[in-house]
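K.L.:
Below is the structure I would like to discuss, written out as structure tokens.
The values are calculated or read from the model by the stated rules, or taken from the named source; none is laboratory data. Note that the structure is a prediction, hence the values are computed from the model and not measured. Glycine gets a Cβ as well: all are built from the backbone with ideal geometry, and neighbour counts include every protein chain shown. When the accessible area is computed, the model is the full protein with side chains, heavy atoms only, and any ligands, DNA or RNA have been set aside. Shrake-Rupley method; radii C 1.70, N 1.55, O 1.52, S 1.80 Å.
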Amino acid sequence: MAVFVVHEHHARSLHFDFRIEMEGALKSWAVPRGPSMNPSDKRLAIMVEDHPLDYGSFEGIIPEGNYGAGTVVIWDRGTYNLFSGSIGSGRIEILLEGEKLKGFFVLLRMKGKDKEWLLIKKKDEHADTSFRIKTVLPG
């Protein structure tokens with residue numbers, strides 16, 4: 001089992017950073033609308049730079065003038081199992097065991113794109129078609 005974390009990031013615009021421990025780092029995707037437990041939702045996930053593993057516990061304020069300036073809080077965290085795939089194949093199927101996100105998810109690289117992926121909840125007993133994301137911080 002490896003760790004995952006979802007940061008709620010109040011930067012220029014609110015987005016969520018989905019991070020999974022892989023290859024000694026946190027592989028990271030910026031998800032503008034946040035993850036969803038609804039299998040009908042296909043969330044754009046832009047792959048960004050890897051982060052060190054200890055960044056998984058970071059909460060705080062990134063000062064103005066720095067990349068990603070704004071407030072960062074942990075929205076969800078837990079462990080995951082890699083079910084199949086790899087970053088190189090452009091398809092990663094994982095089983096999340098978090099506080100909010102549970103069950104099977106797939107990260108799927110969009111055809112002809114390098115950094116653009118989709119984060120999709122798979123249909124399972126944890127799927128919730130009425131899911132609406134709630135932020136930890138106001139605004």
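K.L.:
Counting other Cβ atoms within 10 Å, which trypsin sites (Lys or Arg not before Pro) in region 30-91 have at most 16 and lie in a DSSP loop?
P.N.:
Those that pass, being in a loop and sparsely packed, are Arg33.
K.L.:
Given the options Phe105, Phe58, Phe16, state which has the largest fluctuation in a GNM of the chain using a 10 Å cut-off (strictly under) for Cα springs.
P.N.:
Phe58
K.L.:
Let me make sure I get this right: for region 31-74, a, b and c are the square roots of the gyration tensor eigenvalues over alpha carbons, sorted descending. Under 1.5 in a/c it's rounded, otherwise prolate if a/b > b/c, else oblate. Which is it?
P.N.:
Note, shape of region 31-74 comes out prolate.
K.L.:
Taking the Cα centre of region 1-77 as origin, sum charge times position over the Cβ atoms of Lys and Arg (+1) and Asp and Glu (-1), and report the length of that vector in debye to the nearest 20.
P.N.:
That gives a dipole near 320 debye.
K.L.:
Taking the Cα centre of the chain as the origin and placing charges on Cβ (Lys, Arg +1; Asp, Glu -1), which of Leu108, His7, Ile20 is farthest toward the positive end of the dipole?
P.N.:
Looking along the dipole axis, the top candidate is Leu108.
K.L.:
To the nearest 20 Debye, how big is the dipole of region 86-139 about its Cα centre, given +1 on the beta carbon of each Lys and Arg and -1 on that of each Asp and Glu?
P.N.:
Using Cβ point charges on Lys, Arg, Asp and Glu, region 86-139 gives about 240 debye.
K.L.:
Ok, one more. Hey, what's the chain come to in accessible area per residue, 1.4 Å probe, Å²?
P.N.:
Counting only protein heavy atoms, the per-residue value for the chain is 54 Å².
K.L.:
Shifting gears a bit: For the chain, with the dipole built from +1 on Lys and Arg beta-carbon atoms and -1 on Asp and Glu ones, taken about the Cα centre, which of Thr129, Pro35, Asn66 lies farthest toward the positive end?
P.N.:
Thr129
K.L.:
Right, something else. Quick check on packing: order 5-11, 68-74 by the mean number of other C-beta atoms within 10 Å, highest mean leading.
P.N.:
Descending mean neighbour count gives 5-11, 68-74.
K.L.:
Counting only protein heavy atoms and a 1.4 Å probe, tell me what percentage of the chain's accessible area is made up of carbon and sulfur.
P.N.:
Solvent-exposed carbon and sulfur of the chain make up 54 percent of the total.
K.L.:
Each label point is 7 Å from the Cα along the Cα-to-Cβ direction; what then is the distance between the points at Ser86 and Lys134, in nm?
P.N.:
Between Ser86 and Lys134, the simple spin-label model gives 4.1 nm.
K.L.:
Any chance you could list P(r) for the chain, counting all Cα-Cα pairs in 5 angstrom bins from zero, rounded to whole %?
P.N.:
Bin by bin from 0 Å, the calculated values are 2, 10, 20, 26, 21, 13, 6, 1, 0.
K.L.:
Now, a different point. Roughly how many debye, to the nearest 20, is the charge dipole of the chain about its Cα centre, given +1 on each Lys and Arg Cβ, -1 on each Asp and Glu Cβ, and no other charges?
P.N.:
Magnitude of the dipole: close to 660 debye.
K.L.:
Another question about this same structure. Taking the alpha-carbon centroid of each part, what is the distance from region 1-61 to region 93-136 in angstrom?
P.N.:
Cα centroid to Cα centroid, the span is 11 Å.
K.L.:
What GluC sites (Glu not before Pro) in region 91-137 are in a loop by DSSP, with at most 14 other Cβ atoms within 10 Å of the Cβ?
P.N.:
Here the GluC sites (Glu not before Pro) that fit, given the DSSP loop and packing criteria, are Glu99, Glu125.
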